[in-house]
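Please read the structure below before turning to the comments.
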Amino acid sequence: MVSSSLMPFTLTVNGKAHVIDAEEDTPLLYVLRDELGLNGAKYGCGVGQCGACTVLRDGAPLRSCFVPASSLGGQAITTLEGLRAPNGTLHPLQQAFLSEQAGQCAYCIPGMIMAAAALLREKPRPTEAEIRTALDANLCRCGSHNRIVRAVQRAAEELAR
């Protein structure tokens, strides 16, 4: 019989503390999806290359597919589900992606939105080149890049109001 190496740790996700019992090396993505029922972040490549699993760690993009959740205690994790406007409606980025029809298959969109949220936090009025650079590491197989860039530009304008 194999003994379980579960360990309890506290993870703060979308402003709420959760006590998690998981193996020490369990990736954050698995904890988010399997333990917390937060399915916005997607499993893509499993090695942090595609960006489908992007969440924010203390406001910065983090590829959640390979980072052990147990290593993130004391850090604020924000998922697509936690990205909301103060009144509980869609965040301007989420609304802009819908309005611009930025997702064709939409598999990459949660990661794109989270990477864009980090960009707009650091640079509220990015240039098109800065947007493209910030999102360059997030892969989109459908070729929706121009609509995605327009969505980020639209959200930046909305947030500047």
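Quick look at the numbers
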{"item": "Geometric extent, Cα atoms of the chain - Rg, Dmax (angstrom)", "result": "16.1, 61"}
{"item": "Percentage relative contact order, the stretch 91-142, counting C-alpha pairs under 8 Å, at least six apart", "result": "38 percent"}
{"item": "Contour minus Cα-Cα distance for ALA60 and THR10 (0.36 nm per residue)", "result": "16.0 nm"}
{"item": "Normalised per residue, the volume of the convex hull around the Cα set of the stretch 72-161 (Å³)", "result": "109 Å³"}
{"item": "Cα long-axis angle, helix 145-160 against the chain (0 to 90 degrees, to the nearest 10)", "result": "90 degrees"}
{"item": "Net charge over other residues, Cβ less than 15 angstrom from the Cβ of ALA60 (K, R count +1; D, E count -1)", "result": "+2"}
{"item": "Full-extension gain in nm, TYR43 to ARG121, via 0.36 nm per residue minus C-alpha separation", "result": "25.6 nm"}
{"item": "Degrees separating the helix 109-122 axis from the principal Cα axis of the chain, which is the longest one", "result": "70 degrees"}
{"item": "Per-peptide average of other Cβ atoms within 10 Å, ordering 78-88, 110-120, 54-64, 94-104 highest first", "result": "110-120, 54-64, 94-104, 78-88"}
{"item": "Phi to ³J(HN,Hα) by Karplus 6.51 cos²θ - 1.76 cosθ + 1.60 over the stretch 124-134, Hz, x for Gly, Pro", "result": "x, 10, x, 6, 4, 4, 5, 5, 4, 5, 5"}
{"item": "Average Cα contact separation per residue, the chain, under 8 Å, 6 or more apart, as relative contact order %", "result": "23 percent"}
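No value in this document is a laboratory result; all are computed from the given coordinates. No experiment lies behind these values; they were computed from the predicted model shown. Ideal geometry is used to build each Cβ from the backbone, glycine not excepted, and the neighbour counts take in all protein chains shown.
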